[in-house]
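Since the structure comes first, as structure tokens, the remarks are kept for the end.
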There are 2 protein chains.
Amino acid sequence: MQYRFEMAVDLSVPLSNDMPVYPGDPSPLFRRVKTLENDGVNITSMTLGSHTGTHLDAPLHFIEGGRSVDRIPVGSFAAEGTVVDVSRLEAGSGVTVEDLGGQLKSSCEGRVIIVYTGCSERWGDSSLNSNYTYLTDEAAEFLVGSRARGVGIDFLSVEKFGAAQPSVHRTLLGAGLFIIESLNSRVKEFIGRRFLLVAAPLRLANGDAAPCRALAVPITD
Amino acid sequence: MQYRFEMAVDLSVPLSNDMPVYPGDPSPLFRRVKTLENDGVNITSMTLGSHTGTHLDAPLHFIEGGRSVDRIPVGSFAAEGTVVDVSRLEAGSGVTVEDLGGQLKSSCEGRVIIVYTGCSERWGDSSLNSNYTYLTDEAAEFLVGSRARGVGIDFLSVEKFGAAQPSVHRTLLGAGLFIIESLNSRVKEFIGRRFLLVAAPLRLANGDAAPCRALAVPITD
């Protein structure tokens with residue numbers, strides 16, 4: 001078994017001033033505050049939310065007294081991933097246990113399950129920001145039962161937009177799983193393939209979440 | 001050869017309001033803008049510089065038309081590391097070729113060379129922020145000649161504080177090496193040991209640098 005680091009694929013979305021964010025989240029602002037021309041050096045000031053762009057939710061996002069992002073053992077951030085393809089569902093659908101289950105034949109223990117909804121193909125189309133494909137409560141419970149280490153998705157949230165209660169987050173985070181949101185559409189390249197997902201969030205002290213650069217490292221025999 | 005992901009060590013410094021930053025860099029501000037108590041959810045707003053905390057400098061930091069952090073192939077961000085121990089030098093010294101050379105017996109090609117100055121043991125001691133151990137021009141040229149992929153250091157900068165010209169940065173970045181600054185003192189645990197360094201900066205569009213979570217993954221036979 002070989003990890004092909006040199007063939008790693010970037011699963012992160014770019015951070016820029018016009019990037020999509022979850023409705024109500026802080027507006028991102030990236031601004032060059034020193035330039036080669038004026039100051040002899042390029043330096044950028046970054047303002048963003050802990051859930052802006054590709055990021056990892058820690059239990060503290062929704063669980064009182066839950067683990068913060070700086071307290072998750074870093075060994076957790078490199079794990080085999082499995083991509084489940086539910087992109088045949090219409091945008092705005094709820095992903096059911098049946099949608100997931102048939103594709104998860106081997107054990108999920110210790111793995112990060114990435115749900116490819118296809119919504120990422122329309123990243124930047126604001127009509128999707130409140131109408132993306134999400135996990136049902138039962139699907140979240142199934143993933144907890146499967147002993148996955150974490151769950152990823154290729155759009156803004158695992159939760160139905162406007163849900164009365166954040167029950168999917170609570171189910172996953174409450175069971176100690178982490179959640180990676182806003183992965184990009186290249187996750188589809190790993191459907192049916194073995195890969196190592198590396199997604200280590202910034203070490204934000206007492207952070208409810210933090211942005212990360214997510215990489216997929218192909219694994220070959 | 002085995003990568004022991006489950007034994008990964010965090011080489012990053014925590015991001016917090018009272019963290020040290022390079023003199024003149026933007027002041028970091030991390031602020032919880034929504035709370036479980038008031039809003040039913042924890043969300044944080046983050047303001048920081050592209051060079052705040054553990055971060056990776058791209059050529060664009062000092063090279064006109066140089067590569068930005070989002071244009072470096074992501075496979076570069078996982079590479080074997082080698083730690084060079086120069087902590088016997090007094091803080092504020094310049095690291096010479098002789099200091100490095102004797103410890104780099106095998107080829108450096110494709111590796112990230114991490115210089116352990118020991119200054120990280122005094123992270124937070126502001127008297128060091130303008131008097132840390134740095135690389136001499138000759139040491140930078142030696143590292144370029146050794147065909148290293150990148151250079152890391154366990155304090156704010158590889159450059160002498162107040163240098164008239166950023167010649168060490170220009171030498172390294174101009175030759176296409178990246179630079180990782182503000183690694184923490186745990187790099188010393190890898191002196192003489194094989195490990196994979198994983199340090200993938202945020203995907204900041206056109207970024208001169210970006211913060212990263214840096215991990216050391218032990219390699220065993």
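What follows is calculated from the coordinates using simple rules that are stated; it is not laboratory data. This is a predicted model, so every value here is computed, not measured. Here the Cβ is made from the backbone with ideal geometry for all residues, glycine too, and neighbour counts use every protein chain on show.
Taking springs between alpha-carbon atoms closer than 10 angstrom, which of B:S120, B:S45, B:S12 fluctuates most in the Gaussian network model of chain B?
Fluctuation is largest for B:S45.
So what's the projected area for segment B:94-217, the Cα convex hull averaged over all directions, in nm²? Intermediate results must be reported in sequence, preceding the final value.
Numbers: hull surface 31.0 nm².
Averaged projected area of segment B:94-217's Cα convex hull equals 7.8 nm².
Would you work out which of B:F30, B:L177, B:I43 lies farthest towards the positive end of the dipole of chain B, given +1 charges on the beta-carbon of Lys and Arg and -1 on that of Asp and Glu, about the Cα centre?
Checked the options; the winner is B:I43.
Apply the Karplus parameterisation 6.51 cos²θ - 1.76 cosθ + 1.60, with θ equal to phi minus 60°, to every residue of segment A:175-190 and state each ³J(HN,Hα) to the nearest whole Hz, in sequence, with x for glycine and proline.
8, x, 7, 9, 10, 10, 10, 6, 6, 8, 6, 5, 4, 5, 5, 10
Please give the peptides A:74-83, A:33-42, B:200-209 ranked by average Cβ packing (other Cβ atoms within 10 Å per residue), highest first, as a rough proxy for protection. Please report the intermediate quantities before stating the final value.
Working: A:74-83: 21.9, A:33-42: 14.3, B:200-209: 25.0.
Going by the mean number of other Cβ atoms within 10 Å, highest first, we get B:200-209, A:74-83, A:33-42.
Under the Kirkwood approximation for Rh and a Cα-based Rg, what ratio Rg/Rh is obtained for chain A?
Values: Rg = 17.3 Å, Rh = 17.7 Å.
Rounded to two decimals, Rg over Rh is 0.97.
Could you list B:M19, A:M46 so that the one with the fewest beta carbons within 10 Å of its beta carbon is first and the one with the most is last?
Values: B:M19 18, A:M46 25.
Exposure proxy ranking, most exposed first: B:M19, A:M46.
To make sure I understand the rule: partners must be lysines, Cα under 19 Å from the Cα of B:K188, and not fewer than 8 residues away in the same chain. Which ones qualify?
Qualifying lysines at Cα under 19 Å: B:K105.
What Rg and what Dmax come out for segment A:120-177 when only alpha-carbon atoms are used, in angstroms?
For segment A:120-177, the Cα radius of gyration and maximum Cα-Cα distance read 12.0, 34 Å.
Going by C-beta contacts inside 10 Å, put B:E90, B:E138, A:E181 in order with the fewest on the left. Working shown, then result.
Values: B:E90 8, B:E138 16, A:E181 21.
Going from sparsest to densest Cβ surroundings: B:E90, B:E138, A:E181.
Please arrange B:R32, B:R193 by counting, for each residue, the other beta carbons lying within 10 Å of its beta carbon, fewest first. Could the numbers behind the result be given before it?
Values: B:R32 16, B:R193 13.
Ascending Cβ contact count within 10 Å gives the list B:R193, B:R32.
Treating each Cα of segment A:49-138 as an identical point scatterer and ignoring solvent, apply the Debye formula and state log10 I(q)/I(0) at q = 0.14 Å⁻¹.
So the normalised log intensities are -0.67.
Counting only other chains, and only Cβ atoms inside 10 Å, what mean value do you get across the residues of B:1-11? Write down the numbers at each step before the final one.
Working: counts 1, 1, 4, 1, 10, 7, 3, 8, 2, 7, 2.
Per-residue shielding by partner chains comes out at 4.
Calculate the mean, over all residues of peptide B:208-220, of how many other protein chain Cβ atoms lie within 10 angstrom of the residue's Cβ.
On the way: counts 8, 3, 7, 7, 5, 16, 3, 6, 1, 4, 0, 0, 0.
The shielding value for this peptide is 5.
Report, in deg cm²/dmol and to the nearest 500, the calculated mean residue ellipticity at 222 nm for chain A, where each DSSP H run with n ≥ 4 adds -39500 (n - 2.57) and the sum is divided by the residue count. Could the numbers behind the result be given before it?
Values: 4 runs with 26 residues, N = 221.
Estimated from H runs of four or more residues: -3000 deg cm²/dmol.
Rounded to two decimals, what is Rg over Rh for the protein assembly as shown when you use alpha-carbon atoms and the Kirkwood radius? Walk me through the intermediate numbers first.
Working: Rg = 21.4 Å, Rh = 22.0 Å.
Result: Rg/Rh = 0.97.
Please work out the Kirkwood hydrodynamic radius for segment B:1-69, using every pair of different C-alpha atoms, and report it in angstroms with one decimal place.
Numbers: mean 1/r = 0.0654 Å⁻¹.
One decimal place: 15.3 Å for the Kirkwood radius.
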